[in-house]
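The values are calculated or read from the model by the stated rules, or taken from the named source; none is laboratory data. Note that the coordinates shown come from a computational prediction; the quantities given were computed from them, not determined experimentally. Note that we place each Cβ from the backbone using ideal geometry, even for glycine, and neighbour counts take in every protein chain shown.
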Amino acid sequence: MVAWAGRPTDAARTLKEEGLDVPTSTLRSWVDTTHREQYEELRGKYADKMEAVLVNTYREVALRATMVQRKAVEEAEKRLDRGADTDPARTAAALSKVSQVSTDKLMSLTGRPQVITEERGMTEILRSLAAKVPGLVIMEGEVVDES
């Protein structure tokens, strides 16, 4: 059952192909009650292998989706060029979302920051503000406009 990700129907079908006729209900019962502890042990034992399969599957799906996404963007561009797009604003919004998600994923996959954060205290912020605004002076943590 571990090899079939807990899907008794798939497991029963494969077992039948191998000459073992085990009903789906029996497999489900073994996993849920009769052999629950052994099933959990096997899931733990093979967790790393299962996760490796997931990682590779997600990579393949992401690549395929990206290829299809590219085709969709090309088709949208062709429709816009021909003047055949009935809702260019909607197309632009959809393409903007595609661009945003693609850029975020690119940054994530290449280890570049997706969010830039700054840590400054109130005093630093007020001093920076005062430096940018002529006549603005900071007095004991407060901003005073002397203009």
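Regarding THR34, is this residue polar (S, T, N, Q) and under 28 Å from GLN114 (Cβ atoms)? Here the answer is no, as THR34 does not meet what is asked. When ALA92, ALA72, ALA62 are checked against the criterion of being at pLDDT 85 or above, surrounded by 11 or more Cβ atoms within 10 Å (Cβ to Cβ), under 30 Å from MET1 (Cα atoms) and hydrophobic (A, V, I, L, M, F, W, C), ALA62 stands alone in meeting it. Pairs linking a residue in the stretch 25-40 that is closer than 13 Å to VAL2 by Cβ to a residue that is assigned to a helix (DSSP H, G or I) and of a type in the set (Gly, Ala, Ser), with Cβ atoms under 7 Å and 6 or more positions apart or on different chains, are LEU27/ALA11; LEU27/ALA12. The stretch 1-109 holds helices (runs of 4 or more DSSP H) entirely within its bounds, and those carrying 2 or more residues that are in contact with a Pro (Cβ under 7 Å, 6 or more places away or on another chain) map to 24-29.
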